[in-house]
1. So the check is Cβ under 6 Å with 6+ separation or different chains; which pairs have a first residue in the stretch 132-143 that's crowded, with 16+ Cβ neighbours inside 10 Å and a second one that's basic (Lys, Arg)?
2. Counting residues that are touching a Cys at 6+ places or on another chain (Cβ under 8 Å), which helices (runs of 4 or more DSSP H) fully inside the stretch 215-305 reach at least 1?
3. Which of the residues spanning the stretch 80-111 are farther than 24 Å from Ala39 by Cβ, crowded, with 16+ Cβ neighbours inside 10 Å and of a type in the set (Lys, Arg)?
4. So how many residues does the stretch 33-65 have that are among the basic types (Lys, Arg) and surrounded by 13 or more Cβ atoms within 10 Å (Cβ to Cβ)?
5. Would you check if there is a residue in the stretch 68-82 being free of Cβ contacts under 8 Å to residues at least 60 places away in the same chain, in a strand (DSSP E or B) and more than 28 Å from Met195 (Cβ to Cβ)?
6. Out of curiosity, is Gln179 of a type outside the set (Phe, Trp, Tyr), at pLDDT 95 or above, touching an Asp or Glu at 6+ places or on another chain (Cβ under 9 Å) and in a strand (DSSP E or B)?
7. Find the residue count for the stretch 271-297, including only residues that are under 14 Å from Arg196 (Cα atoms) and of a type outside the set (A, V, I, L, M).
8. Any chance the stretch 174-186 includes a residue that's touching a Gly at 6+ places or on another chain (Cβ under 6 Å), within 23 Å of Gln274 (Cα to Cα), crowded, with 17+ Cβ neighbours inside 10 Å and of a type outside the set (Gly, Ala, Ser)?
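The values are calculated or read from the model by the stated rules, or taken from the named source; none is laboratory data. Remember, it's a predicted structure, so these values are computed and weren't measured experimentally. As a convention, Cβ positions derive from the backbone with ideal geometry for all residues, glycine included, and neighbour counts pool all protein chains shown.
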Amino acid sequence: MRNFLLFLILGVFLTVEAFSITKFSEVQKALKEDNYGRAIPEMFSPLISKKATNPVSVSDFSIVGNKSIMFELNNGECGFEKKFSDCENDRERSEILYKEYPSKNEVWYQFYIFLPKDYNSVAPSKMSLIQWKRLKPSKVLVMFQHTHAGLTFNRNGDTFENSQLILKSNEDLFGNWTQIIFNTNWHPEPKQGFMRVWIDGELKVDFKGVSNDPIKGKKQSLRYGLYNSFISRYKNTFGETKMPKRVVFFDGIRSEKKCEKLLNKSECKKLEVQNVEKYKIYKYKKHHKRFKSKHILEIPKSFLK
């Protein structure tokens, strides 16, 4: 009986150890090794569930350097803080938050993301992989999301006329590292604002116009990982009671004021000479079971607002 009790105690101890959360300092060290520049991580999201088993960890699976950051979400891993509860608002998340920066300044960002071949898509619920928010009040500017259409660029309805631009199909996305280069100045003036996105070196978004709220957008902040909202849409659409396990890897996260500091001059020249004439817009509906070609709308880039 004594040996049995010892076995149970040891089992509980090992389980707790296995589910211990990686320290933020370990994640910060791995990010710094990739020369993160101005992309200075500040903290884990306070909305990560206290019961999460493995929300953010350092992985040996990488494309830049030796380490990447793995984010994981499991069913019921919703958190809460004083002013907001994900559990009460149909959400689950595992994110890293970044320091605030003033708007109206040009900035270049780089990310590498990896969705495994067996990634459990939870569309038509919304899955944000990367997002920027303006602050006071906190409203979304743009998101890189995963949808039935694949990787999309969302100029969010919190600030702009909502749109979903298709960047990379799921066929090419799953099981491959994807490089994202994002260049903007978060400027509220129509003649000065701009947003550009390159995927694996190919220009996909080239927008010129209002890129922030003219009054309530003086500062913005970055956060990325897994932010799953409207999870009931997935459950109701597919008749499920639980959310599946969701995993994504991030690597090579960097930010600089100029392209030449982010990449080398040759790479920057290849990016700068490109043009895009048309966008493929994903016509998102909250109860789509799967992606169909009729869900695509092609428009000239001048139509994007």
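1. If the second residue must be basic (Lys, Arg), the pairs left are Val140/Lys133; Leu141/Arg134; Val142/Arg155.
2. On the way: elements: 231-238, 259-262, 265-272.
Once the helices (runs of 4 or more DSSP H) in the stretch 215-305 are filtered for at least 1 residues that are touching a Cys at 6+ places or on another chain (Cβ under 8 Å), what remains is 259-262, 265-272.
3. Arg91
4. Going through the stretch 33-65, the residues among the basic types (Lys, Arg) turn out to be 38, 50-51.
Keeping just the survivors that are surrounded by 13 or more Cβ atoms within 10 Å (Cβ to Cβ) gives 38.
Final tally of qualifying residues: 1.
5. Taking the stretch 68-82 as the starting set, the residues that turn out to be free of Cβ contacts under 8 Å to residues at least 60 places away in the same chain are 77-82.
If we keep only those that are in a strand (DSSP E or B) too, we end up with 80.
Subset that is more than 28 Å from Met195 (Cβ to Cβ): 80.
Scanning the stretch 68-82 turns up at least one residue that is free of Cβ contacts under 8 Å to residues at least 60 places away in the same chain, in a strand (DSSP E or B) and more than 28 Å from Met195 (Cβ to Cβ).
6. On the way: of a type outside the set (Phe, Trp, Tyr): yes; at pLDDT 95 or above: yes; touching an Asp or Glu at 6+ places or on another chain (Cβ under 9 Å): yes; in a strand (DSSP E or B): yes.
Answer is yes for this residue.
7. Of the stretch 271-297, the ones under 14 Å from Arg196 (Cα atoms) are 271-279.
When the remaining residues are screened for being of a type outside the set (A, V, I, L, M), the result is 272, 274-275, 277-279.
Qualifying residue count for the region: 6.
8. Initially, the stretch 174-186 is screened for residues touching a Gly at 6+ places or on another chain (Cβ under 6 Å), giving none.
No - not one qualifying residue is present in the stretch 174-186.
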